[in-house]
Amino acid sequence: AESDKTAREMVDKVNAADSLIFQTEKQLKEFGDKIPAEKKEPIEAALAALKEAHQANDMDRIDATTQTLNDAWQVASQEMYQATQEAQANGENPAGAEGAPDDAAGKGATDDVTDVEYEEVEDKK
C-alpha cells in the first residue's frame, strides 16, 4: 500500500509538472510580449529547469522548480496586473474627457431619426 501511495504521488507530480510546462508555454506565447524581459527571463529559466527535472523524473527538483516557476509567474503577473490597471485608469480618463463629444456625436446620429406619431387601429369592431 505504501509503494502504491508513493507511485501515485510520483505520477501526480509528473502530471502536474507536465501540465505546468504546457500552461507556461501557452501563457508565454499569449502574454510574452506583455511581460518585461527582466521578468520573462526567470520564467523561461525555471521552465527549462522544470523540463529537465520532468524528463529525469526527479521529484525533489520538480518540487523546487515548480515553486520557482510559480514564484516567477507571480512576480510577473503582479506587474502585468498593475500595468493593466494603470492603462485602464489612463484610458478611462481620456474616455471620460471624450465622453461629452462622443455623446454629442451620438446625438448627432440620432438627429437623422424622425419620430412619427402613430395610432393603433383595431380591425375587430
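The values are calculated or read from the model by the stated rules, or taken from the named source; none is laboratory data. Since the structure is predicted, the reported quantities are computational estimates derived from the model, not experimental observations. Note that we place each Cβ from the backbone using ideal geometry, even for glycine, and neighbour counts take in every protein chain shown. We work out accessible area using only protein heavy atoms, side chains counted, and drop any ligands, DNA or RNA first. Shrake-Rupley method; radii C 1.70, N 1.55, O 1.52, S 1.80 Å.
For the stretch 11-20, the condition of being surrounded by 11 or more Cβ atoms within 10 Å (Cβ to Cβ) and either of a type in the set (G, A, S) or modelled with pLDDT under 85 (or both) holds for at least one residue.
Of all residues in the stretch 72-89, those being among the acidic types (D, E) and free of Cβ contacts under 8 Å to residues at least 24 places away in the same chain number 1. Which of the residues that make up the stretch 1-25 are polar (S, T, N, Q) and either under 18 Å from Q55 (Cβ atoms) or touching a residue at least 12 places away in the same chain (Cβ under 8 Å) (or both)? Passing the criteria: N15, S19, Q23, T24. Entry remark, the stretch 59-68: residues being open to solvent by less than 50 Å² (accessible area, probe 1.4 Å) and over 16 Å from T24 (Cα atoms) number 1 in total.
Scanning the stretch 73-93 for residues that are over 15 Å from the mean Cα position of the chain (by Cα) and either open to solvent by less than 70 Å² (accessible area, probe 1.4 Å) or at pLDDT 90 or above (or both) gives A87, A89, G91.
With respect to K40, is the statement that it is open to solvent by 60 Å² or more (accessible area, probe 1.4 Å) and at negative phi true? Criteria not met by K40. Answer with yes or no whether E30 is open to solvent by 90 Å² or more (accessible area, probe 1.4 Å) and either hydroxyl-bearing (S, T, Y) or under 14 Å from V75 (Cα atoms) (or both). Against the criterion (open to solvent by 90 Å² or more (accessible area, probe 1.4 Å) and either hydroxyl-bearing (S, T, Y) or under 14 Å from V75 (Cα atoms) (or both)), E30 does not qualify.
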